[in-house]
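Peer 1: Sharing a structure, written as structure tokens. Questions coming.
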Amino acid sequence: MSQTLILPDKSGSLDYIKENFWKLWQEEWESLYRCCLKRMGNNPTLAEDALSQAMLKAREKVQAGACRIENFKAWVRTLTRNLCTDMLRSLGREANRTESLEALPCLVDEVLVSQDEELDPAAKRQDRDKILGGGN
């Protein structure tokens, strides 16, 4: 199923959008940032993350010619709004998983290590928490 959106009269072609993507993006950046900020609960960090992801996704779709774009402004705003919604859903699922993990019984001396951490930084974190009064 192809997407059809409307492009400004001055161009109308995917080639125009490909050649002028950054200019078109910059023209919409401020409006898109405000949209992200509003959708992400006025959290600037989440808004910037969403906007960055939207920019990458929009650029990828334009370069791939994945859809026919007739109105860049409407298309990129819809893409950005949908991406914010997806991020909020994902954050909600993560929050639910975190609450579930907190309900699990844990050993007092057990140290949880993420996949990205090695054991040494986790051990250092445990030592730091004990020094700062966060550990037992």
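Each reported figure results from applying straightforward, stated rules to the coordinates on display, with no laboratory input. This one's a predicted model, so the numbers in the text were calculated from it and none came from an experiment. No Cβ is skipped: glycine too gets one built from the backbone with ideal geometry, and neighbour counts run over all protein chains shown.
Peer 1: Search the structure for amide H atoms under 5 Å from the amide H of E70, placed 1.01 Å from N in the peptide plane, and list their residues when 5 or more places away or on another chain.
Peer 2: Amide H neighbours of E70: L5, I6, L7.
Peer 1: Then there's this: With a sphere of radius 10 Å drawn around the Cβ of L79, what net charge do the other residues whose Cβ falls strictly inside it have (Lys, Arg +1; Asp, Glu -1)?
Peer 2: +4
Peer 1: Compute the whole-percent fraction of alpha carbon pairs in the range 17-64 spaced more than 16 Å apart. Write down the numbers at each step before the final one.
Peer 2: Numbers: 431 of 1128 pairs.
Result: 38 percent of Cα pairs exceed 16 Å.
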